[in-house]
Structures are given as structure tokens and as C-alpha cells.
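Below is one structure, written out as C-alpha cells; the observations come after it.
What follows is calculated from the coordinates using simple rules that are stated; it is not laboratory data. Just so we're clear, the structure is a prediction, and the values are computed from it rather than from any experiment.
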């Protein structure tokens, strides 16, 4: 099972839930997160946020992936 902890106002919209895999199988997963609409001023003052994706098997935690996200205005910084 994949679940995600997101900052307040953010929402995991795809990629979480239960998945079946055969033991020893490699798999790729994609979790999509929707962010709230922010003004340019809000983006300028935005601080890095953390998203945590939890991985569990048979309701037992087996790992976490932590992503630190910095929102910027006008695309990806160079």
C-alpha cells in the first residue's frame, strides 16, 4: 500500500492505494500531488514543504520516501 502525507492544502490525487506485486518484482510508482492555487506574492514567500510517501505491506510499514519541494513562479529554476 502507498499513502502520502502532504502539507495543508495539498492533496494526493493519484498513485496511492493498494497494489499487488509478486515477491521479488521491481515496480515503478508515480504519486501525483495537487497544490493549492497561489498568487505570485505567495509563491515568493513560499518555504520548502515536505511530502512523505509511506510504503507498507500487510499493514506493516516497510519504508518511506521523503521529498522536499520548493514552489517557484515561472517554471523550474536553472
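At 222 nm, what value in deg cm²/dmol follows for the chain if DSSP H runs of at least 4 each add -39500 (n - 2.57) and the sum is divided by all its residues, to the nearest 500?
Per the formula, -1000 deg cm²/dmol.
Report, largest value first, the span of the C-alpha coordinates of the range 22-73 along each principal axis, in whole Å.
The principal-axis extents, from largest down, are 48, 18, 14 Å.
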